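Report on the following structure.
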């Protein structure tokens, strides 16, 4: 059973996920797990993954875990957290821990092994965003979970261990630190100004027009003022909303429109760049929040996290977001 | 001139250091800068670095920036922050920025290009720790600086761009987030318990004896309860002290003793593992703090920071610190 542990000084949690390695020599640094040409996520190999928890577009009449689907969500075969068990919290002297209850799922974004997320046709890409919504809603019914973190690792340098296009989600029994920091930061601004800081940012960015990558009627994509990495982009709904899952079908379509355009622009600037994206939305079962605003953060893997970043929590970025924005705008 | 920018939601600062790249195609992902066999840090090449700010063990009678030294500290040729100028702070709508005033120096740990920090003889290694002390004390006389971050990147995967053994330091006009988080965390514990949390941790670790890698009369090395990475180690003085620079010559000798032993143990477990270490000490010109305790954090580069870590601020660690401690103990 994995375990969650809290750093007593910083309040930062970590997951000890023992199953993943056993001896010091097991650490293979940042290399693809070799699957010897075999892909467990490809159609026809459904039986090699844990049983699917969701499927979209399977041809009628076909049984679960058979081929003929457009998108599948399956539990991760090497989960960071496990779904079975009761949440137990305990101390060890001045330390705190709990057992590693959670869910870790893989969203298989397309049947095509060679497909890339960025170039999925809109009718396929929307299935990915629908899957995020449906899985968050489903997992929110489990009272042990406080948050679902949705993310994608693309490319080896960005932590992907499988080539087949996929994203992931982890349901957590605690609120992650990055989310509480955003909630606290936005609340403190709200208390002072009575406005959502993300709404204010969107207003300023639309007016300044120097970090605005693209927009449509519902969404903006911008390079944030203080990005951790060159070509970092944020995608936010123009209208205030704290919950990703409150989106209508039409809004999801417009999200696909801007996501697709933004990612194509990025890919045109730096072909096949490794990247991560994450979804930040309100905690599960929360009432709508006036001070919080859901969004995606897309972080290309172009710089390395080294001693200075570890020690300071500071990032060094070699290119201002106004410059990356210019490149992104001119890219298509 | 580099620039410091604050994320308005998280209060996280970043450094925009333009000089380091200009076009999207300049991003070469995690590759060593090729020096074509030429090493600017080797003896004889002193004129190819900026003029030294400190030297130890140069033979008497020789001029500055000549060969015949045991350790040199030089400004970084590609600094993240620059030393000349006045500190200017300004707003841009709801955003905050200041110009990138600071110092960025390289500690050349030994004349030998092939030497490795871990295997430096004690009389050489102590020069490195003396250099850290002297440079912090010297830079603390500049009222523009609030903190000096000392760190080392070893190995390409850990962000090193030169092979010659070296560490670095950055003087900053703000307190980095990681330091303020530690100061806040320790202060809140102190308010509640009237004790330093690091002192309590050392007491508990000495008593439990399951995460204690090694100790001498003045220092402990332990694998922390909630490590970000397998084989993470912390080195702390047994006696309470908030400031690294308050150490006596004798204490520095004992620090070399434990540092050297700990790193040799690590190297025996995973030969030539890439790693970062950072020094956390109190802010410059601070009075001694009852609640804070200086220490080194050594973080091997064995896992990758991917979408989940970016999005959550959470780390997934495949090996409990009790297990890594056992390997480290049995290593020599």
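Rule-based calculations on the coordinates, nothing more; no lab input. Computed from a predicted structure; not experimentally measured. All Cβ positions, even for glycine, are placed from backbone atoms using ideal geometry, and neighbour counts span all protein chains on display.
Principal axis extents for segment A:220-276, Cα atoms only, whole Å, descending order, please.
The Cα atoms of segment A:220-276 stretch 33, 23, 16 Å along their principal axes.
Can you compute the modelled spin-label distance between residue B:187 and residue B:248, with each label point 7 Å from Cα toward Cβ, in nm?
3.2
Averaged across the residues of A:193-199, what count of C-beta atoms belonging to other chains lies within 10 Å of each residue's C-beta?
1
How crowded by other chains is B:224-233, given as the mean number of beta carbons from other chains within 10 Å of each beta carbon?
Per residue, the average neighbour count from other chains is 5.
Going 7 Å from Cα along the Cα-Cβ axis for the label, what nanometre distances separate residue B:94 from the same residue across the other copies?
Here the equivalent label points are 3.9 nm apart from this one.
State, as an integer percentage, the relative contact order of chain A based on alpha-carbon contacts under 8 Å between residues 6 or more apart.
Result for chain A is 16 percent.
Write down the Å³ per residue value for the convex hull defined by the alpha carbon atoms of segment A:90-135.
Once divided by residue count, the hull of segment A:90-135 is 130 Å³.
If Rh is defined by the Kirkwood formula over all Cα pairs and Rg also comes from Cα, what ratio Rg/Rh do you get for segment B:253-332?
When Rh is taken as the Kirkwood radius, the ratio is 1.04.
Let me check I have the definition right: for segment B:3-172, take the eigenvalues of the Cα gyration tensor, multiply each by 5, take square roots. What are those semi-axes in whole Å, largest first?
So the equivalent ellipsoid measures 30, 20, 15 Å along its semi-axes.
Nearest 500 deg cm²/dmol is fine: what mean residue ellipticity at 222 nm does chain A get from its DSSP H runs of n ≥ 4 alone, each adding -39,500 (n - 2.57), divided by its residue count?
It comes out at -8000 deg cm²/dmol, rounded to the nearest 500.
Could you give me D for the protein assembly as shown, from Stokes-Einstein at 25 °C and 0.890 mPa s, where the hydrodynamic radius is the Kirkwood radius over C-alpha pairs? Units µm² s⁻¹, please.
94
Please report, in cubic angstrom per residue, the volume enclosed by the convex hull of the alpha-carbon atoms of segment B:174-332.
It comes to 128 Å³ per residue, whole-number rounded.
Which residue in A is nearest the A/B rotation axis when you measure from the C-beta atom, and what is the distance in Å?
In chain A, the Cβ lying nearest the symmetry axis toward B is A:305, 3.
In nm, one decimal, shortest first: how far is the label point of residue B:322 (7 Å from Cα along Cα to beta carbon) from the matching points in the other copies?
Taking the point 7 Å beyond Cα along Cα→Cβ, the inter-copy spacings are 5.5 nm.
For residue A:332 and residue A:290, calculate 0.36 nm times their separation in residues minus their Cα-Cα distance, and state this gained length in nm to one decimal.
11.5 nm
Tell me the distances, shortest first, between residue B:60 and the same position across the other copies, using label points 7 Å along Cα→Cβ, in nm to one decimal.
9.8
What does the structure give for B:316-328 when I average, per residue, the other chain Cβ atoms found within 10 Å of the residue Cβ?
5
Please work out the ratio of the alpha-carbon Rg of chain B to 2.2 N^0.38 Å and round it to two decimals.
Compactness ratio reported: 1.01.
Report the percentage of all Cα-Cα pairs in segment B:85-209 whose separation exceeds 22 Å, rounded to a whole percent.
When all Cα pairs of segment B:85-209 are counted, 58 percent exceed 22 Å.
Using packing as a proxy for protection, rank A:262-273, A:162-173 so that the peptide with the highest average count of other Cβ atoms within 10 Å comes first.
The most tightly packed comes first, giving A:162-173, A:262-273.
Among B:237, B:50, B:24, which one shows the highest mean-square fluctuation when chain B is modelled as a Gaussian network with alpha-carbon springs under 10 Å?
Judging by the Gaussian network model, the answer is B:24.
Only residues of segment A:146-179 count here: report those whose backbone N is under 13 Å from the spot 7 Å along Cα→Cβ of residue A:77, or say none.
A:161-164
Using the beta-carbon distance between residue B:141 and residue B:206 and R0 = 30 Å, what value does 1/(1 + (r/R0)^6) give for FRET efficiency, to the nearest 0.05?
It comes to 0.20.
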